[in-house]
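What follows is a set of notes on a single structure, which appears directly below.
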Amino acid sequence: MIVKMDEVADRISHMETFLSPNVHYIIVESRQNEDSAAWTAPCLTEQYTFDWHKIMTSLNLSDNVHILSQPVHWFPEVAKRMWPIFHKAHSVLANVDSETMEYFWDFCRWTGKEKDLKELYEDFRSYNDTSTVEAILFVTSVLERSLGNVYLLRGKTVPFLLRDLLATSELKSILGTIPTIFLQLLVGTPLSFNVRNLVWHGFLHPAEIPPSLATALFVAVASIGQLLSAELASIPRRPQASDLSELAKHMEPPPGDLVPHAVLSVLRESPLIPSRHLDFWTSALQHYHRGSWGRCCLVALPQLEHLARVAYCVAHSCPSRLLTAESTTRYLTLDDLLDTSDTSMLSLLGEGLLQLLRDLLSLPTGPRLRDRLSHGEVDLADIPSCLAGHLLGAATAIALRFRASSTQPYSNYTSRFHNIAILKTAILQTTKSITMWKQCPRPPETPWPSWNDVVNVNKDVCSLYQHLTKYVTATLTHEKHVDDADNSGRLEDLPNILEVFLSSVHIPIMPIPKSNMEAITLLRFLRTILQFVALTASSSTHEKNRWEEIDTLSRQFCQQMLQNKHLVPKKHTVGTCK
């Protein structure tokens, strides 16, 4: 098996491109020499924005064309006519001085990101090995988010996918037919350039994409701003995600040995990483050690996805699935790569590393770094170092899976954002809030019940309590965390006992049975009710009229548990946790 995987990995390492034939033709083969831009009719205005009438003429478009209904062979021909437009725009802007460009950046204010765009443009003009792809990554994310805001001038719910957003009549009515078609050809359909997906899914290597394509995107952003200057209504701004730093607090610090030369040494020797993609990892590490953690993630995320895709194709012996998909073929998505029911990937990466990748990239309650960055939902400056470090650590860990190394990072990692992990944290928080009840004044007419009085209300609850008490006591005494099991009866000791207990019990989560998910959902619902009761009790003990509300909610809590007692683990199953 190992020999077979090595053979597949070797085949992959010698692949010249990850673009399928049709995509390769549009992106690489149909591209004329950039020197031909010298005789191309200019399609820019005096403000260095696109002249849409001249573009309509150059591309031979009509004002009522619907590109999604065009035959497949139509797109390569149009793409071939678009390249001179890109090249000419690039050659013109390359000779514009910084003072004149300030007027250009004024047209980008509609995005709210004009300063970031300007900074990325200055770095892009260095024309190093990865600057073009990095510029496209950022501009496409800004463009998608900003166009979604523009859509809200006429529509209500912004489509999730950029291609669906560009196909809406609302956006077309604001921007006009030709600008909308131009954007669809550039970033909105897999039949054409589809440049947004190509860079964000890590398919391109630096030599496959020229700077003129990035310049075209910058000009497109400014050109849309010029069109929108006629809009009387102000563009609504959806709030950016701001909880990444809080989420990062739930994670341990990344590996401490993310030294550039050490990481690059591991990645360079890995058969999973083509030599032409190493420049991206070099750039990501440089950003990380400069403290530009957002830029680090911007570059690293597509390459981490590509690395995971390579690992998948090695594990399943299917190198052909590494290519970009044609319009009629489904390519491997992150959901495919991180599927917990895929025993081949689970065996190859290990449960700990797969849990880390899911925590960072896919779990709804986690950072969802790839989604948030690629769709423009988060500011680069708001990404903490912890998350950038874990992306680099995850790439190193995947590469080490194919080396005879005693070091296997993240082999013992446990999820922080899976429903089970969240439930454990929620249980501890709720327990701590309950212990505060002793500090609250008690209603004089109501005696304070003992815990036994509470559980003896119902024999099923009493039976479950007794069984869990024995199980907790046995677990704690076996782990030697407490000297006296009787101490578990003291209310103030409950949080510490539960914390030890929950950390001692390992609940498999990959994959998780449907019945377990139902039980987790129920427990989270019950915890929500109990947490509300606890907070209400703590804040409203002096208001007698609130005690009836607390009593009602407490009854709802018990009734919900009794109605779903089929989900309560039986005596013979509780002890199976390890």
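The values are calculated or read from the model by the stated rules, or taken from the named source; none is laboratory data. Note that this is a predicted model, so its numbers are computed, not measured. All Cβ positions, glycine included, derive from the backbone under ideal geometry; neighbour counts span all protein chains shown.
Taking the conditions exactly as written (assigned by TED's automatic domain parsing to the domain that holds residue 355, touching a residue at least 40 places away in the same chain (Cβ under 8 Å) and touching a helix residue (DSSP H, G or I) at 6+ places or on another chain (Cβ under 9 Å)), does residue 268 satisfy them or not? No; evaluated as a whole, the condition is false for this residue.
For the stretch 377-391, give me each residue that is assigned to a loop (DSSP other than H, G, I, E, B) and either polar (S, T, N, Q) or buried (at least 23 other Cβ atoms within 10 Å of the Cβ) (or both). Walk me through it before giving the result.
Initially, the stretch 377-391 is screened for residues assigned to a loop (DSSP other than H, G, I, E, B), giving 377, 379, 383-384.
Listed by number, the list holds a single entry, 383.
Conditions (1) in contact with a helix residue (DSSP H, G or I) (Cβ under 7 Å, 6 or more places away or on another chain); (2) assigned to a helix (DSSP H, G or I); (3) surrounded by fewer than 18 Cβ atoms within 10 Å (Cβ to Cβ); (4) assigned by TED's automatic domain parsing to the domain that holds residue 365, marked per residue:
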{"residue": "251", "(1), (2), (3), (4)": "yes, no, no, yes"}
{"residue": "256", "(1), (2), (3), (4)": "no, no, yes, yes"}
{"residue": "272", "(1), (2), (3), (4)": "yes, no, no, yes"}
{"residue": "281", "(1), (2), (3), (4)": "yes, yes, no, yes"}
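Within the stretch 288-347, can you find the residues that are in contact with a Cys (Cβ under 6 Å, 6 or more places away or on another chain) and of a type in the set (A, V, I, L, M)? Explain how you work it out, then say what you get.
Residues of the stretch 288-347 that are in contact with a Cys (Cβ under 6 Å, 6 or more places away or on another chain), as a first pass: 288, 319, 321-322.
Within the stretch 288-347, just 322 meets the criteria.
For (1) under 16 Å from residue 315 (Cβ atoms); (2) touching a residue at least 12 places away in the same chain (Cβ under 8 Å); (3) assigned to a helix (DSSP H, G or I); (4) among the acidic types (Asp, Glu), each residue gets a yes or a no:
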| position | (1), (2), (3), (4) |
| --- | --- |
| 346 | yes, yes, yes, no |
| 355 | no, yes, yes, no |
| 360 | no, yes, yes, no |
| 411 | no, yes, no, no |
| 423 | no, yes, yes, no |
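Considering 317, 283, 292, 275, which residue is under 23 Å from residue 345 (Cβ atoms) and polar (S, T, N, Q)? Talk me through it step by step, then tell me what you get.
Values: 283 fails: under 23 Å from residue 345 (Cβ atoms); 292 fails: under 23 Å from residue 345 (Cβ atoms); 275 fails: under 23 Å from residue 345 (Cβ atoms).
Of 317, 283, 292, 275, the one residue that is under 23 Å from residue 345 (Cβ atoms) and polar (S, T, N, Q) is 317.
For the stretch 345-367, the set of residues classified as crowded, with 23+ Cβ neighbours inside 10 Å and of a type outside the set (A, V, I, L, M, F, W, C) consists of 355, 359, 367, listed by residue number.
Residue by residue, here is whether (1) surrounded by 23 or more Cβ atoms within 10 Å (Cβ to Cβ); (2) outside the structural domain of residue 45 (by TED's automatic domain parsing); (3) more than 21 Å from residue 70 (Cα to Cα) holds:
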| residue | (1), (2), (3) |
| --- | --- |
| 113 | yes, no, yes |
| 126 | no, no, yes |
| 131 | no, no, yes |
| 177 | no, no, no |
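Applying the set (1) part of a loop (DSSP other than H, G, I, E, B); (2) polar (S, T, N, Q); (3) more than 19 Å from residue 50 (Cβ to Cβ) to residue 95 leaves exactly one unmet item: (3).
Can you name the residue in the stretch 213-230 that is among the polar types (S, T, N, Q) and surrounded by 24 or more Cβ atoms within 10 Å (Cβ to Cβ) and is also nearest to residue 136 (Cα to Cα) among such residues?
Start the filter on the stretch 213-230 by keeping residues that are among the polar types (S, T, N, Q), which leaves 215, 223, 226, 229.
Those left that are additionally surrounded by 24 or more Cβ atoms within 10 Å (Cβ to Cβ): 215, 223.
Numbers: 215: 9, 223: 16 Å.
Within the stretch 213-230, the match that is nearest to residue 136 (Cα to Cα) is 215.
With the requirement that a residue be touching a residue at least 24 places away in the same chain (Cβ under 8 Å) and part of a loop (DSSP other than H, G, I, E, B), what does the stretch 392-409 give you? If you could, list the steps in order and put the result at the bottom.
Taking the stretch 392-409 and keeping what is touching a residue at least 24 places away in the same chain (Cβ under 8 Å), we get 392-403, 408-409.
The answer is 401, 402, 403, 408, 409.
Kindly establish whether residue 312 is of a type in the set (Ser, Thr, Tyr), surrounded by 17 or more Cβ atoms within 10 Å (Cβ to Cβ) and outside any helix (DSSP H, G or I). Here the answer is no, as residue 312 does not meet what is asked. Screening the candidates 149, 128 for the property of being part of a loop (DSSP other than H, G, I, E, B) and of a type in the set (S, T, N, Q) yields one hit, 128.
Annotation: residue 233 fulfils all but one of (1) out of contact with any Pro (no Cβ under 6 Å at 6 or more places or on another chain); (2) surrounded by 15 or more Cβ atoms within 10 Å (Cβ to Cβ); (3) in a loop (DSSP other than H, G, I, E, B); the unmet one is (2).
Candidates in the stretch 180-206 are the residues that are in a helix (DSSP H, G or I) and not aliphatic (A, V, I, L, M); of these, the one that is surrounded by the fewest Cβ atoms within 10 Å (Cβ to Cβ) is 206. One residue alone among 99, 170 is out of contact with any Gly (no Cβ under 8 Å at 6 or more places or on another chain) and among the charged types (D, E, K, R), and that residue is 99. Annotation note: of 321, 372, 368, the sole residue that is of a type in the set (Lys, Arg) and in contact (Cβ under 8 Å) with a residue 40 or more places away in the chain is 372.
Quick one: in the stretch 87-111, which of the residues that are aliphatic (A, V, I, L, M) and closer than 16 Å to residue 223 by Cβ is surrounded by the fewest Cβ atoms within 10 Å (Cβ to Cβ)? Steps first, please.
Filtering the stretch 87-111 down to residues aliphatic (A, V, I, L, M) leaves 89, 92-94, 96, 101.
With the extra rule that they be closer than 16 Å to residue 223 by Cβ, the set shrinks to 89, 92-93, 96, 101.
Numbers: 89: 26, 92: 16, 93: 21, 96: 12, 101: 16.
This residue is 96.
With respect to the conditions (1) part of a helix (DSSP H, G or I); (2) within 21 Å of the chain's Cα centre (by Cα), residue 172 lacks only one, and its number is (2).
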